[in-house]
Amino acid sequence: MNALGLDAVGYPGHLTLRAAKPEDFDFLYGLHRAVFQDYVAQVWGWNEAWQEEHYRQQFNPSANQIISLEGRDAGVIRVSETESEVFLSNIEVLPEFQGSGLGTSLIRALLAHARRFNKPVLLQVLKVNPAQRLYLRLGFSIVGESETHYLMKASPEGV
């Protein structure tokens, strides 16, 4: 994601990305809870103790970048890239910043980056998560599904 260049983001305000650190666990878990608790509860039910322990076991700060706006932590993004594709593993924005265009701007920058290298962008989204409407508007289409998730793809020529 650093390769994107924040000048390509086009979001009003001072937006930065920084590598997550182990001490960001509380912020990131709180963000995860704020963003996904309702959706997880709809699909599997939410058990706070289990969720926190599972998150702690899977926690890999080096894979995440904290999204900061005007010096305030506002979300997280995790992107992996191979020779043939870009995978948006995770994007979470605090509820008070949702709908402001922050996530849209970052995804558009990611799509522009992938287009420069002629790579598709893939992501997975819970079927109950309304963010899928945003992804469809940004040029993603559903290319697969499981019982709980859609696999979505934006081809470089289509975005």
Pairs returned, first residue in segment 126-148 that is of a type in the set (Phe, Trp, Tyr), second residue that is surrounded by 14 or more Cβ atoms within 10 Å (Cβ to Cβ) and part of a helix (DSSP H, G or I), beta-carbon separation under 8 angstrom, 6 or more apart or interchain, are Tyr135/Ile107
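Suppose we filter Glu145, Glu157, Glu83, Glu92 for residues that are within 27 Å of Tyr55 (Cα to Cα) and out of contact with any Leu (no Cβ under 6 Å at 6 or more places or on another chain); which single one remains?
On the way: Glu157 fails: within 27 Å of Tyr55 (Cα to Cα); Glu83 fails: within 27 Å of Tyr55 (Cα to Cα); Glu92 fails: out of contact with any Leu (no Cβ under 6 Å at 6 or more places or on another chain).
Residue meeting the stated conditions: Glu145.
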If you go through Ala63, Ala114, the only one that is at pLDDT below 95, within 18 Å of Phe27 (Cα to Cα) and of a type outside the set (Val, Ile, Thr) is Ala63
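Restricting to segment 118-159, count the residues that are among the polar types (S, T, N, Q), under 17 Å from Arg78 (Cβ atoms) and outside any loop (DSSP other than H, G, I, E, B).
1
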Inside segment 64-107, the number of residues satisfying the requirement of being in contact with a Lys or Arg (Cβ under 7 Å, 6 or more places away or on another chain), surrounded by fewer than 22 Cβ atoms within 10 Å (Cβ to Cβ) and not in a strand (DSSP E or B) is 2
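The values are calculated or read from the model by the stated rules, or taken from the named source; none is laboratory data. In this text, all values refer to a predicted model and were calculated from it rather than measured experimentally. Counting neighbours? That spans all protein chains shown, and the Cβs are built from the backbone with ideal geometry, glycine included.
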